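What follows is a single structure, written as C-alpha cells, with notes after it.
None of the figures in this text is laboratory data; all of them are computed from the coordinates on show. Everything numeric in this text was worked out from a predicted model, so none of it was measured. Cβ placement follows ideal geometry from the backbone for every residue including glycine, while neighbour counts extend to all protein chains displayed.
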Amino acid sequence: MKIRDFTVPELDKFRTLCNFTPYERLYFELKARDKSNVEVSLEMNMSLPQVSKIAKRVKSKMIRVL
C-alpha cells in the first residue's frame with residue numbers, strides 16, 4: 001500500500017478518520033507527495049528508524065479505516 005497511489009478523496013478520508021498525530025500527519029502528507037523515507041527523515045529531522053516507526057503507525061491506522 002503506497003500512500004501516493006490513493007486518490008484525493010481517499011486521502012481526504014484518511015485525513016478525517018485516522019486521527020493522526022502531528023508527526024503522523026506530516027509523514028502522511030510527505031508520502032502523499034511521493035517523498036522517499038530518506039527525504040521524509042530529512043524534512044522531519046528524524047532518523048530513518050524513527051520514520052519507520054511512524055510509517056508503521058500510519059499504515060496501521062489506514063488499514064483500520066479501509
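How do I63, I54 line up, fewest other C-beta atoms within 10 Å first?
Taking fewest neighbouring Cβ atoms as first place, the list is I63, I54.
How much length would be gained if the chain were fully extended between N45 and Y23, taking 0.36 nm per residue of separation minus their Cα-Cα distance, in nm to one decimal?
Stretched out fully, the N45 to Y23 stretch lengthens by 6.8 nm.
For a bin width of 10 Å, list the pair-distance distribution of the chain built from all Cα-Cα distances, rounded to whole %.
23, 59, 18, 0
Which of L26, T7, V58 sits farthest toward the positive end of the charge dipole of the chain, with +1 on the Cβ of Lys and Arg and -1 on the Cβ of Asp and Glu?
Ranked along the dipole, the leading option is V58.
How big is the dipole moment of the chain about its Cα centre under a simple scheme where the beta carbon of each Lys and Arg is +1, that of each Asp and Glu is -1, and everything else is neutral? Debye, nearest 20, please.
280 debye
Can you list which of the DSSP-assigned H helices in the chain have a Cα extent of 18 Å or more along the long axis and an average Kyte-Doolittle score of at least -0.5?
Helix filter hits for the chain: 48-65.
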